[in-house]
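Just below is one structure, and these are the notes that go with it.
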Amino acid sequence: MTMSYAEFQQQSRRLELLRALKEAAQYRANALLLKSFCDAVGHAVSTDRLQADLAWLAEQSLVTLEQHDATTVATLTTRGLDVANGSAHAPGVARPQPGG
């Protein structure tokens, strides 16, 4: 099965979001910080696209989301941590490369 570039990019971006939360204090970060992280690692993304990715990750039980006024805060779940580490696989999220 051939994956389009857009699908490859989407799956990679979702993995990077999980990895960012893995490194965050208390496994939590707000959407603005996650957007800045995505931009820094080569995934320039709109706020709408980021919100859609976070909602998708929440639907897959990889993160939980909370609204604080106009700010979304994402928290990594145990399953999300397993996917970020490569010890579990979630269709729609890239698998991490060995050693990285």
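Just a few scattered comments:
- For the chain, the extents of the C-alpha atoms along the principal axes are 42, 27, 24 Å, listed from largest to smallest.
- Here the residues Val45, Val63, ranked from fewest to most Cβ neighbours within 10 Å of their Cβ, fall in the order Val45, Val63.
- Gap separating the Cα centres of the range 52-100 and the range 1-37, nearest whole Å: 8 Å
- Applying 1/(1 + (r/R0)^6) with R0 = 25 Å to the Cβ-Cβ distance of Gln67 and Ser36 gives a FRET efficiency near 0.80.
- Given charges at beta-carbon only (K, R positive; D, E negative), |dipole| of the chain in Debye: 240 debye
- Multiplying the residue separation of Asn85 and Glu59 by 0.36 nm and subtracting their alpha-carbon distance yields 7.4 nm.
- A dipole drawn for the range 5-84 from +1 and -1 charges on Cβ atoms has a positive end, and of Ala84, Thr71, Gln51 the residue lying farthest that way is Ala84.
- Shown is the FRET efficiency for Met3 and Arg28, computed with R0 = 35 Å from the Cβ-Cβ distance and rounded to the nearest 0.05: 0.70.
- Whole-Hz Karplus values for the range 11-25 come out as 5, 5, 4, 4, 4, 4, 5, 5, 5, 4, 5, 4, 8, 6, 4 Hz, taken residue by residue from phi with 6.51 cos²θ - 1.76 cosθ + 1.60 and θ = phi - 60°; glycine and proline positions read x.
- Remark: relative contact order (the range 5-84) = 35 percent; criterion is Cα-Cα distance under 8 angstrom and separation of 6 or more residues.
- The residues Phe8, Phe37, when put in order of fewest to most other Cβ atoms within 10 Å, stand as Phe8, Phe37.
Every number in this text was worked out from the coordinates using simple rules, so none of it is lab data. Nothing here was measured: the structure is a model prediction, and the numbers come from that model. All Cβ positions, glycine included, derive from the backbone under ideal geometry; neighbour counts span all protein chains shown.
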